[in-house]
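Colleague: My questions will all concern the structure given below.
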Amino acid sequence: MTASLVRQILPQPLPLPLPLTRPRPRPTTAGVHGTAAPEFASVRRSFERACRDAGPPGSQVAALAVVRDGETVVDLWQGTADPVTGTPWTGDTLAPVLTGSHGILATAVLLLADMGALTLDRPVADHWPEFAAGGKGEVTLRDVLTFTARLPGMAADLDQRDVENPQLMAALLEQHGPEEDPRAGGVLHGPWTAGWIAAEVIRRVDGRALDLFFLEEIAGPLGLDIHFGLVPDQLPYAARISYDADFRARFPAPDGGTGDSGAAGLSGRVWNNPSPFPADAGVGSESRRRYAVIPSLGAYASARGLARLQGILAADAVRAPGEEPLLLSRRTLDRARNLWAEGLDPLLGGVSAYGEGGLQLLDEGLRPVGRSGSFGHRGPGGTAYRAWPGAGTGAALVRGRLTAGPGAQILEQVLDQVGGVVTDAVADAVTDAVAKSPRTTSRSASSARSVRSNRSNRSARSNQSHLAPKI
């Protein structure tokens, strides 16, 4: 029995330690279904508008969920999950997270670090001796998770079936040396290699494959609808991924070529060996592909499940020292969020930043969102998820049809608005506390007023800033 199929006979997950009540239903309009708490009414309106404006008919396929203090306060969706079968999207639909899987993978590695099973700044070869070949003996797991290991792509020619075997890919990576192209150190994204390395380390340290480890240690105990690879009874809930030519065209060498734009160059080795977005989008919806465990590209999640995970991380990130976490300790999350790598990707463009643990820092770089300390990951075509520690809030936006340019940006701005609502609530609480304090000084009161007045400028600053790449 494979690790993936073991999930069919595991006991039911334990109840969530956080209450997950949903707000009362509200009237739906314009094809958007679901609920939103009153204070998130503006977010609902923005989601409806974004779904209308994100692209032509058929491309408005998305779901948005927000969890605050353990309560689901936004649960919205629109569109058709599978255009072939006509299956409508629901709150339980499992969307392919694709390259957005990296933050979920990093969470699994951080849990092992929290358990004391591994240390991020030790060489990968300490756990996987064969990895040291080719001059990789000093590469650490932190280097891998932050895309600074100079191993962004593969030299061996691969096809779409090869990437579905993580142990085969790990064996091929043993033979690779660090990339010689001088740009490789600044490639802060990669669709394949980091996942294969991290998954092999998990297997060697823990003994379980990534999918089973994530199920038994994270998704099962916390009741999260997130999976690395699917089993047959989950297929009816899986969304069919699709994208248009404009989306594929933004990636280097989408269909091969020569020189640096083909398989022989850095761009080709990273983004076309093979392409994570093949010309035939149906490849990603084949049953064989859905069953496969593809660490950096193969997570499936409902918007609800992904938002709950981010809400849990947001709560754990601000716990008092020594307080029992739901998933990761405060110490581990403090280090994981400490800025480690930041730069302009030479292949995709856009500024990205990562903490020591591979979590994408979404307030760093050139796109601030209220300077709230949010983290998470941006995925392809507008797919994204975030955690706001100060507000105890997590959110996720997932899509079925991927678009580039304005369509993706319009949808991602919905998450910006979520960030505005939750950070506004925190600012209001601070202002009220200062106002009620008998020791409030004029300087403190002025600072509190400043917090509130600065909020009106947040959206304008965000719209003027540069966008990190959507991968």
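Colleague: Determine how many Å³ per residue the convex hull of the Cα atoms of region 135-290 encloses.
Modeller: 130
Colleague: Leaving out ligands, DNA and RNA but keeping every protein chain, what accessible area does residue 183 have, in Å² rounded to the nearest 10, with a 1.4 Å probe?
Modeller: The accessible area of residue 183 comes to roughly 80 Å².
Colleague: Take residue 41, project a point 7 Å from its Cα along the Cβ direction, then tell me which residues of region 70-105 have their backbone nitrogen under 18 Å from it.
Modeller: Correct set: 73-76.
Colleague: Follow-up question, since we're still on this one. By how many nm would the segment from residue 130 to residue 246 grow when fully extended, if each residue of separation counts as 0.36 nm and the alpha-carbon distance is taken off? If you can, show how the numbers build up before the last one.
Modeller: Details: separation 116, 0.36 × 116 = 41.76 nm, distance 4.09 nm.
Result for the pair: 37.7 nm of gain on full extension.
Colleague: What distance in nm separates the simple spin-label points at residue 235 and residue 159, each placed 7 Å from Cα in the Cβ direction?
Modeller: Here the modelled spin labels are 2.2 nm apart.
Colleague: From the Cα trace of region 120-165, what convex hull volume per residue do you get, rounded to a whole Å³?
Modeller: Output value, Cα hull per residue: 98 Å³.
Colleague: Tell me the net charge near residue 346. Cut-off is 10 Å between Cβ atoms, residue 346 excluded, with +1 for each Lys or Arg and -1 for each Asp or Glu.
Modeller: Spelling it out: positives minus negatives among the neighbours equals -1.
Colleague: Something else now. How are the C-alpha pair distances of region 88-135 spread across 10 Å bins, as whole percents from the shortest bin up?
Modeller: Result, from short to long distances: 21, 31, 29, 12, 7, 0 percent.
Colleague: Let me ask something else. Quick one: compute the contact order of region 150-208, relative version, from alpha carbon pairs under 8 angstrom and 6+ residues apart, as a percent.
Modeller: That works out to 50 percent.
Colleague: When only the heavy atoms of the protein chains count and the probe is 1.4 Å, how do 242, 374 rank by accessible area, highest first? Mind showing how you got there, number by number?
Modeller: Values: 242 30, 374 0 Å².
I get 242, 374, largest accessible area first.
Colleague: I've got another one for you. If Lys and Arg each add +1 and Asp and Glu each add -1, what is the summed charge of the other residues whose beta carbon sits under 12 Å from the beta carbon of residue 239? Kindly include the intermediate steps, with their values, before the conclusion.
Modeller: Working: positive: 240, 290, 399, 401; negative: 82, 92.
Net charge in that neighbourhood comes out at +2.
Colleague: Would you mind giving the average projected area, over all directions, of the Cα convex hull of region 298-412 in nm² with one decimal? Mind showing how you got there, number by number?
Modeller: Working: hull surface 30.4 nm².
Taking the Cα atoms of region 298-412, their convex hull projects to 7.6 nm² on average.
Colleague: Diagonalise the Cα gyration tensor of region 304-352 and give the resulting equivalent ellipsoid semi-axes, square root of 5 times each eigenvalue, largest first, whole Å. Can you show the working numbers first?
Modeller: On the way: eigenvalues 155, 47, 7 Å².
In descending order, the three semi-axes are 28, 15, 6 Å.
Colleague: Past the 20 angstrom mark, what percentage of all C-alpha to C-alpha distances in region 45-195 do you count?
Modeller: On the way: 7158 of 11325 pairs.
Taking all Cα-Cα pairs of region 45-195, the fraction more than 20 Å apart is 63 percent.
Colleague: Mind giving me the nanometre distance, one decimal, between the label points for residue 338 and residue 208, set 7 Å out from Cα along Cα→Cβ?
Modeller: About 2.9 nm, to one decimal.
Colleague: Something else about it: Test of understanding: express the Cα radius of gyration of region 155-197 as a ratio to 2.2 N^0.38 Å, with N the residue count. Walk me through the intermediate numbers first.
Modeller: Values: Rg = 11.1 Å, N = 43, 2.2 N^0.38 = 9.2 Å.
In units of the globular-protein estimate, region 155-197 measures up at 1.20.
Colleague: Roughly what % of Cα-Cα distances in region 205-340 sit above 26 Å, to the whole percent? Write out the running numbers ahead of the final one.
Modeller: Details: 3992 of 9180 pairs.
In whole percent, the share of Cα-Cα pairs in region 205-340 beyond 26 Å is 43.
The values are calculated or read from the model by the stated rules, or taken from the named source; none is laboratory data. Bear in mind that the values here come from a model prediction, so they are computed numbers and not experimental data. In this analysis, Cβ positions are derived from the backbone assuming ideal geometry, glycine residues included, and neighbour counts consider all displayed protein chains. The area values use the complete protein model at the heavy-atom level, side chains included, leaving out ligands, DNA and RNA. Shrake-Rupley method; radii C 1.70, N 1.55, O 1.52, S 1.80 Å.
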